[in-house]
Each structure stands twice: as C-alpha cells, then as structure tokens.
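Below you'll find the structure, written out as structure tokens, and then a few comments.
Bear in mind that the values in this text are calculations on the coordinates, not laboratory data. Predicted model, so just to flag it, every value in this text is computed and none were measured. Methodologically, a virtual Cβ is constructed for each residue, glycine included, from the backbone with ideal geometry; neighbour enumeration extends over all protein chains shown.
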C-alpha cells in the first residue's frame, strides 16, 4: 500500500491533460472517428504530386485557349491575307523576312497567303469539339448500358448477341458506310462515330461491373438490404471512376485520329468547315513542294492528342483510390 | 469439343448473315441509287432518254429493280406463239408521241400497260425529244418500258442463296453438242504429252474444272465459285471474288498452247477459259486458237492479286511484330519503372495518342530519307524495297500493342502467389520469367495470333491508302469513295467472316496451349 498521496497540482500537468468528467451522449457515442478523407481532394493531391502533370496541364490550357478563345478574338478568313504572290506558300522563316513578325504568319502561309497558324487553330477547334462530343456521347451511353448489361442477366443475353454481331465488322467500315449514306457534315460525323462506338465501351464496362458486382463487400451490402440502385451508385461507381477516366483518355485522341483519317480519304466534314483532317488532306497533294503546310497541322494534331491522352491517363491514375495511400 | 465448335460456327455464320443484311439494308435503302453512276464515264456521255434507259438497265443488272422493255415483251409473245413474227415488226415501233401511234400499236401498248400494271409495275413512256421536226435530239429516241422495285428481302434472299454456285453441264443454254465431264491425265494445255491431270467440261461455264499449273497453290478449281456481288465502278461487271483474287499489273507473255495446237507467246491463261455464246466465229483470231466457244480467258499478269499483296505485307509485318514486340514486352516488365520501361511506355503513348495517319506519314518521311520507295509500283514487281515501308508502318503500331499488353499481363502475374512461391523455392529470376510468368502471360497474346494472321489479309486500310498498295484495304476505301455498293457489301462479308473465323481459331489455339481451358463442360 502506498501511503503517500500526491497532489495532482504538484505534477505540473495542464488542465487539458487531465481526466475530466464528460456527459454521456448517445449520438456522440455512435460516431467513428477517422482521418478526414475527401475523394476528389485526394485525387488532385495525388495528381499534382507529379510535377510533369503541371506541365501537361499548362500545355492543355494553352491548347484550349488557342483553339477556343483565340478564334473568338481573331476572325479567320482564308483570303484575309491575300496580298500578292510573294506571300503565298511561305515557310516561317520566309514569312518573317517578307511580312515581318506577325502572329498569323508564325507557321508560315499557305495557298493564297492563308495563315497556317490561324487555320490550324480553327481546325483544331472543330476537331477537339468533335472528339469531346463523340467521347461524351459514347462514354455516357456506354457506361449506362454497360452498367445495366453487367447487372441484369436478361439484358446480358440480348446485349452479348448484339455485341457478337456488331463486333464482327470493322468499326471503320461502319463509320464510312454511315458517312457515305448521309451527307458529310459535323453532325453526320458525330452520328457515324457514335452509332456503334458506344458498344465497345459498354462491353468493357460490363466486364468491369461483373468483376466487382459479386465481391464480398457488395454481397454484404446486399444482405444488409441496400437497394441495387444504391449499390450501383455508392459501391460500384466510385470503383469505376478511374476506369472510366482512363478509358475516356484513350477515346478522345482516337476520335481526333478518326477525323483526320476520314477527312484524308474524303469522307470528313463538308466543304466549308475547317478541321485538322481537312487541312492535312488539302496539304497532302503538295506535300513534296510545301512540306511545311502538311507537317504543321500534323504536328499540332499530334501535340493535342498526346496532351489530352497523357492528362487523362494521369488523372485516371490519380482517381484510383488505391494510389491515395 | 466438336459439338461446342459446331455451335460456335453456326452462331458465327448467323451473325455474318445479320451483319451483311444490316449493311445491305443501309446501303440499298439509304443511299440514292443514282450515286452509283458517279464514276461511270458512259453515263456522263449519254443524254436525254437514252440516259434514263441506261440507268434503268444498270439498276436491273445490279438488282435494284425488275425491268421489262416493250420490245422484250413482244419478243416473249412471239416465243409463246401469241403473236406472229411478222406482226411484231408492225407493232414494235411506237410513235414519237402517244397520239402518233397506229391503231395496232395503241392496242398492244394498252395490253402491255394493263398487264404490267396488274403485276405492280410502273409503266413509263418516254416521248421522243426532237431537235427539228424530223431530227432526234442526241439520245432522244422514244422508249416504253415497265419497272418494279425489288423488295430488299427478295434481294437478301437472292444474295445468300446465289452465293455459292456449282458449275454443271447444263449451264450453257445454247446447243453445244455432247454435254459431259471428262478426266484426262495429259492436259492439252501442256501439249498433251506432259503428265498433268485435269478435269474438263463441255456445257459447263468453265472449260477446266480442275487443273494443275506452276502457280501457287499449284492445284486450281473452277467447280465451285463464290459470288459475293458485282463491282460497278472499281472493276466493272466483275465479281468481287475475282476482283480480289485476279492478278494485277502488266501482262506477262508466256509460251501458250491453244486448244487448236497453235503455240505462241501470249498472256492468255487458257485454263481460265469460260463460255461466251457464239464467240469463236466472231473473229479469225479466235478461230485460229480455239476449238469451241470457251474463249474468254483471264490474262497472265506479273503482279499478285489484291489479297496477295495484302497478305504478303500483312503476314511479314505480323511476324515482325511478334518477333520484336514480345521480347521488348518482357524486357519492359522485367525492368519495370526503369529507363527501358519508360522509353517503351513513351513509344506506346506515341502510337496510341498520335493520329495513325500522322505517324504513318512520319514513317514515310523517315523512310524516304533513307531512299526507300514511298509508293507501291506494281509494274516494278522485282523491287523488294517497295515492300519495306508498308510492312514497317503496319508492324510498328502492332509492336506497340503487343508491348503494352504483354507488359501489363506480366506485371499482373508478377504479384501472384505462385511467383512468390517459386522465388522462395530458390528459382532464378530468369527461370521465373521465362518458364512461369511468360507462359501464363502469353495466353491472351496467343489468342490474338490467328486474328493477326487472318487480319493480314484485310490489310491496313490506312497503310495501303498512304502507300498506294493495290490491296484489299485500299479496295474498301476506293469502293466507298466511288459508291461501289456491291464491293462494300462483299468486303463487309469478307471482313466479318475473317473476324468470326479468327476468334474461333484463337479460342482453339488458347485451349491447346492452356490445359486449364476446356470447351466441353463435362471435362471439368
């Protein structure tokens, strides 16, 4: 038995370090404490941890400024710079010598003195819009149908048959046939690229859903009586976010690629629309004579596609909760 | 296993039918049928009424409608005995305008109209278009005909039922003498002394039904022919099977022995002779060479067929892709997150993100720096260098694909328990990678091999277009630009068949390599 009692005040503890009486609260006792976790906050924290992503984002911002804001400020007219023969088909170096420094002639001039810089960004606007619209439509339909396809056994039977039929034909063939049937325009191109384009995405999502659907935590959730809708929304969708973002990142450049190829074989947009593909097609004829006019839109198209792809991939990586540790 | 495969094959065939039906419905109902004349030189030349009649006859030939000309109807009446031959001449010429008809003509025109209207036809009378009172405008002659659109179901049925034809001795309608099939051990095309078995027919479409020659695959048959549609503008009036299979390029002179025994240097391939009614007596040239009406021959040409070019380029490039892509994929997986892996990943991103047209042009530009030919010259068939760039352009993207997936599969395998177990058992890293991980990771890659080989026949649509390779990939793009609907349908059928077959073959190959995969449910 220790007879000596020590006065608490003598130990020199502050008031907070000592036990004190606390009223019992039923609500408070139910709370579980964990470090604060916000999904999107973590996503961006992981995303910006990589320094290369800041560089990519800056490039992406520049691309968007030049293809969406620049055309609003500068009105592009193919014949606006029509001066004399001396300003036709100039390389950037020659343009600097003949015209002097001018943002329009930064990439030289094309036929009838057309500014390649302006036309490329005007074309980029069409191409990027097309890629984003097609990707948005295909992803939306693909993810929704893919989720249903994965969940419902009845839909699975029907959709698998549909997929087996459609997947036998090369995608490009279907796209080309549809553009041929309808008259070429922006809407036609969107329609042709999306009419069966969602099917591959839906199939991919279906496989992912089936993998996750029967995991133990979902089984437990079902046993506890969670509705299917809530399981889909709260248990499965967060898991799919990174998959969807990664998929979208690969989709967007592929539509830019399709547009370029379709325009190249003369199945692209209508005559009065400018796009990267059409510029490439137009410059292809005189490629040996004026290689500059051909490679400028090709280079810009490649830069745009790579930037979009890398940004999307890295965002996809960052949105995977397993990288948040 | 066999039962399963049979089921797969039937389902595959069914889905091919559905695909072709969909494509046909799209093309034949939604594309304006006038578009098929877009590249027709004759169509741009003919004028006025003649142009309209030309359009209708073409449409009949390409299965859009049934067409009956007034004169043909009269001829049929004469044949069936309802009309005397001398009366026909009286009523055959209709008036320049309806009111100019004689009473007899009016009567027959009325009967013609009534008969075909009751059958659901539309009767069309094109009145003469005159320049002066007596002189016709160019092509302005008067015409009378009836036409009826063919329903698409009818057309689909005809397409699939008429797809395979077996040559028989009742093919020729005219009198041709004794109809028979003969077997000979000494093919007359080689002079009759050399041992060369052949089966020949009389009354059949083809003279030679089976024969040997010194061209790959050495034995050839004409007994069963595949009709997958007629080409309109790409290869006028020729079936798509022939369009894809017949040799191209410039004619090649060979020592040819004709059926009459005449021997000369010529490009005629007498083995391909087909029947053309009353063709022998048309000219002295055919009389000197042929003993019967089997006079239409295919010419020897120096180039390969469209499938041939696509196949050569495709097969070499897929070999190259597997040969290079797999080792690089393994190296990348072994050096994960190191420099080699990063370089490889950069290349993969480049191929995925950059538009395919852009990098093919890039390869072309780089190739031309080394002095490689950038366009395919069929006439210059001896020059092997022209194959280099198409092969490389086709191989480089598939190398990226192989690298990407093999690396992914191997990295996934690297964390599995059996690898940890093998490592704890003391196996060397080399052994683990080559004997265990690669074996497991290669299974999905093996699945794609038949697809790559058969896909090489399809040819790179983009590559062939850029390098002007006269292959099947180029055929599709030119068919679409030229509104050659028959070719589009035929090529779609061809592609769909190849896809179905390659997926089934891939499954079989995968089951052969991996004993865990079994198609029969009982075995488990």
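General remarks:
- Per residue of B:325-337, other chain Cβ atoms within 10 Å of the residue Cβ number 0 on average.
- Compactness of segment B:445-493 as Cα Rg over 2.2 N^0.38 Å, two decimals: 1.27
- Calculated log₁₀ intensity ratio I(q)/I(0) where the Debye formula runs over C-alpha points of segment A:189-321, q = 0.12, 0.14, 0.16 Å⁻¹: -0.64, -0.77, -0.89
- For segment B:306-482, the Stokes-Einstein estimate of translational diffusion at 25 °C and a viscosity of 0.890 mPa s comes to 139 µm²/s, using the Kirkwood hydrodynamic radius over alpha-carbon pairs.
- Nitroxide proxy distance, nm - points 7 Å out along Cα→Cβ at residue B:184 and residue A:303: 7.2 nm
- For the peptide A:300-312, the mean number of other protein chain Cβ atoms found within 10 angstrom of a residue's Cβ is 3.
- Relative exposure of B:362, B:200, B:1, judged by other C-beta atoms within 10 Å (fewest first): B:1, B:362, B:200
- Label-point gap, in nm, between residue B:80 and residue A:29 - each point 7 angstrom along Cα→Cβ: 10.2 nm
- Listed peptides B:461-471, A:11-21, A:171-181, B:95-105 by packing density, highest first (mean Cβ within 10 Å): B:461-471, A:171-181, B:95-105, A:11-21
- Segment B:164-299: C-alpha gyration tensor shape, a/c 1.5 cut-off, then a/b vs b/c: rounded
- Our estimate of slack between residue B:10 and residue B:504, defined as 0.36 nm per intervening residue step minus the Cα-Cα distance, is 176.7 nm.
- The angle between the Cα long axis of helix B:388-414 and the main principal axis of chain B comes to about 50°, on a 0 to 90 degree scale.
- Estimated FRET transfer efficiency (residue B:468, residue A:171; beta-carbon r; R0 30 Å; 0.05): 0.80
- Net length gained if the chain between residue A:68 and residue A:214 were fully extended (0.36 nm per residue, minus Cα distance): 48.1 nm
- GNM remark for chain A: springs join alpha carbons under 10 Å apart, and the peak mean-square fluctuation among A:51, A:234, A:31 falls on A:31.
- Under the Debye formula (equal points on every Cα, no solvent term), log10 I(q)/I(0) of chain B at q = 0.07, 0.09, 0.10, 0.11 Å⁻¹: -0.60, -0.91, -1.06, -1.19
- If you run the Gaussian network model on chain A, springs between alpha carbon atoms under 10 Å, then out of A:273, A:281, A:26 the most flexible one is A:26.
- Each part gets one Cα centre, and for segment A:297-325 versus segment A:236-259 those centres are 10 Å apart.
- Burial ordering of A:67, B:80, fewest other beta-carbon atoms within 10 Å first: B:80, A:67
- Net length gained if the chain between residue B:52 and residue B:169 were fully extended (0.36 nm per residue, minus Cα distance): 38.3 nm
- Shape of segment B:65-149 from the C-alpha gyration tensor: oblate (a/c of 1.5 or more and a/b not above b/c, with a ≥ b ≥ c the square roots of its eigenvalues).
- Label-to-label distance, nm, for residues given as residue B:43 and residue B:245 (7 Å Cα→Cβ offset): 2.8 nm
- Between segment B:102-136 and segment A:194-231, the alpha-carbon center distance in angstrom: 67 Å
- In this structure, residue A:132 and residue A:322 have a Cβ-Cβ separation that, at R0 = 45 Å, corresponds to a calculated FRET efficiency of about 0.95.
- Once C-alpha pairs closer than 8 Å and six or more residues apart are averaged by separation and normalised to the residue number of chain A, the relative contact order reads 22 percent.
- Number of partner chain Cβ atoms within 10 Å, mean per residue of A:160-172: 6
- Taking A:127, A:38, A:119 as the candidate residues, the one with maximal mean-square fluctuation in a Gaussian network model of chain A, Cα springs under 10 Å, is A:38.
- Crossing angle, helix B:356-369 versus chain B [Cα axis fit, 0-90 degrees, rounded to tens]: 80 degrees
- To the nearest ten degrees, helix A:116-151 and the longest principal axis of the Cα atoms of chain A are 40 degrees apart.
- Three-way shape call for chain A based on the alpha-carbon gyration tensor, with the a/c threshold at 1.5: oblate
- Burial ordering of B:172, B:500, fewest other beta-carbon atoms within 10 Å first: B:172, B:500
- Spatial separation of Cα centroids for segment B:421-479 and segment A:146-193, in angstrom: 25 Å
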